[in-house]
Amino acid sequence: MTSTIDHPNIDDSLLLIVDVQGKLARLMDNSEAMIAQQRRLIQGCRLLGLPVVWAEQLPQKLGPTVPELVEVLDSIEPLAKSSFGCCGDAGLMAAIEASGRNQVLLCGIEAHVCVWQTAAALRQRDHAVHLVCDAVSSRSAFNRDIAFRRMSAAGVHLSNVEMVLFELMGDAQHPHFRDVSRLLR
């Protein structure tokens with residue numbers, strides 16, 4: 001049996017951040033660690049020049065994205081949505097498509113609702129999806145783990161922040177290797 005190894009490629013990847021907002025973000029299982037990893041992921045992707053698409057679910061009701069992330073998303077505007085999955089929103093899909101990128105590095109909340117529906121719809125549109133698991137959660141570990149299993153079965157690649165950033169660089173000679181390594185300490 002042969003399997004295809006599908007590393008994210010720096011020239012074909014974008015980062016999609018899903019709904020890390022308000023009080024709900026603080027209710028996630030292991031929320032502090034998740035938010036810290038999301039912050040590292042955003043900083044690393046920005047250092048590497050990846051496009052970033054940032055979604056917020058009904059921000060007028062759920063509140064804004066947590067300040068720890070807003071701080072490193074300066075100059076990028078969030079895109080509001082009401083659909084659970086990002087692909088159900090025309091503005092978000094337009095932003096993803098306008099990037100010209102086929103590989104989506106996916107992080108956010110909740111794993112079993114908005115992240116899952118986004119991943120499933122992206123896979124249906126033939127995007128390669130890399131779920132950055134340590135930057136994704138749900139209110140319960142059970143719901144998160146079920147979502148990870150569903151996404152894996154749907155062809156989503158499970159990854160983590162350090163793995164994905166090192167795959168994107170590919171070599172210790174990459175010009176941002178030291179900066180990215182510092183982020184991960």
#### Entry: Qualifying position, being in contact (Cβ under 8 Å) with a residue 40 or more places away in the chain and on the phi < 0 side of the Ramachandran plot, among R150, R123, R178, R139
R139
### Task
Run P8 past the list (1) surrounded by 15 or more Cβ atoms within 10 Å (Cβ to Cβ); (2) not in a loop (DSSP other than H, G, I, E, B) and report the number of the one that doesn't hold.
(2)
### Residue list for segment 84-101, filter: over 21 Å from S13 (Cβ atoms) and either in contact (Cβ under 8 Å) with a residue 24 or more places away in the chain or among the aromatic types (F, W, Y) (or both)
F84, G88
### Message
One residue is enough: does segment 27-40 have a residue meeting the conditions out of contact with any Phe, Trp or Tyr (no Cβ under 6 Å at 6 or more places or on another chain), surrounded by fewer than 17 Cβ atoms within 10 Å (Cβ to Cβ) and of a type in the set (K, R)?
### Response
no
### Summary
Only one of A33, A94, A55 is among the aliphatic types (A, V, I, L, M) and in contact with a Gly (Cβ under 8 Å, 6 or more places away or on another chain), namely A55
#### Entry: Residue match in segment 67-81 (condition: assigned to a loop (DSSP other than H, G, I, E, B), closer than 20 Å to C133 by Cβ and either in contact with a Leu (Cβ under 7 Å, 6 or more places away or on another chain) or among the polar types (S, T, N, Q) (or both))
no
### Message
Of everything in segment 137-154, what is surrounded by fewer than 16 Cβ atoms within 10 Å (Cβ to Cβ) and in a loop (DSSP other than H, G, I, E, B)? Give them in sequence order.
### Response
S140, A154
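Where a number appears in this text, it was derived from the coordinates with a stated rule and is not lab data. Computed from a predicted structure; not experimentally measured. Neighbour counts run over all protein chains shown; Cβ positions are idealised from the backbone, glycine included.
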